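For reference, the structure is listed below as structure tokens.
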Amino acid sequence: MKVRGRYHDQWNQEHLATLLHVSRSTVSSWEVGRNTPDLETIVLISDLFDISLDHLLREDKHMLQKENKQQFTLKKSDEVFDVTNEEGITCYRMQEASTLPTQRKYLLTDQTNKQIASIKRKRYSFGMYDLPRLFLKLDHWNDISIIKDMEQFKSVYKIKGEDLSIGGHFLGETFAVVRNGETISNVVVTSDNNHFTFRFTCLNEPMEPLVVSFLFLIALVYEEEKRAIHLG
């Protein structure tokens, strides 16, 4: 939830949090779309900024979309990544198509087995470090890349294409997929020593192929990081 009135009054997150009797991190999570306020807090926000409840709820698309959006699950099984819906039906799949010493290619298909995208994962060495570079080509969307690089001997990931970014910790237990400053998906990650699962919603239905394909890309990053931790 984007508490726009806070900016008009030049308040920071900490001050607003104090007024609403919540933590600063809670305000931050509303603004990136990871969570929404409870009804009591929404009423306080309405009073604080002199905004009607109807207007407040209607102007924030996330508040209206979040309740009824279907949950999806992304996980890997038998070398294939699947996205299933709440009924357990496979909606999207990513599987490896070819492998070279320095490059792998993956094909992404929808529920009808139609190819909608492809991903190439290339490797680049920086001294002792192997730095994966992933490139997504998705029908009807601009190309997207995630590149791992070294800055001051620390690894960083850089995302380019479709104005996508990550809200929250890139490799954390929860994060949001953000496009042009608007949250389009919220993701919860569960993992053990060998596997991880993404549970997510798509807050903008026409962007579902973009969200899913981008999360396949993120899944490859997670797999790379878990492998590096295991080898370390």
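Going through region 173-209 one residue at a time, which ones are acidic (D, E) and over 13 Å from the mean Cα position of the chain (by Cα)?
Taking region 173-209 as the starting set, the residues that turn out to be acidic (D, E) are 173, 182, 192, 205, 208.
Matches in region 173-209: D192, E205.
In this structure, does F196 turn out to be among the aromatic types (F, W, Y) and within 19 Å of T73 (Cβ to Cβ)? Give the derivation first.
Numbers: among the aromatic types (F, W, Y): yes; within 19 Å of T73 (Cβ to Cβ): yes.
Taking the combined requirement at face value, the residue satisfies it.
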Considering only residues of region 12-43 that are surrounded by 16 or more Cβ atoms within 10 Å (Cβ to Cβ) and over 20 Å from N186 (Cα atoms), which is modelled with the lowest pLDDT?
-> Q13
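The values are calculated or read from the model by the stated rules, or taken from the named source; none is laboratory data. As the structure is a computational prediction, the values presented were derived from the model and not from experiment. Please note: Cβ atoms are built from the backbone with ideal geometry, for glycine as well, and neighbour counts cover all protein chains shown.
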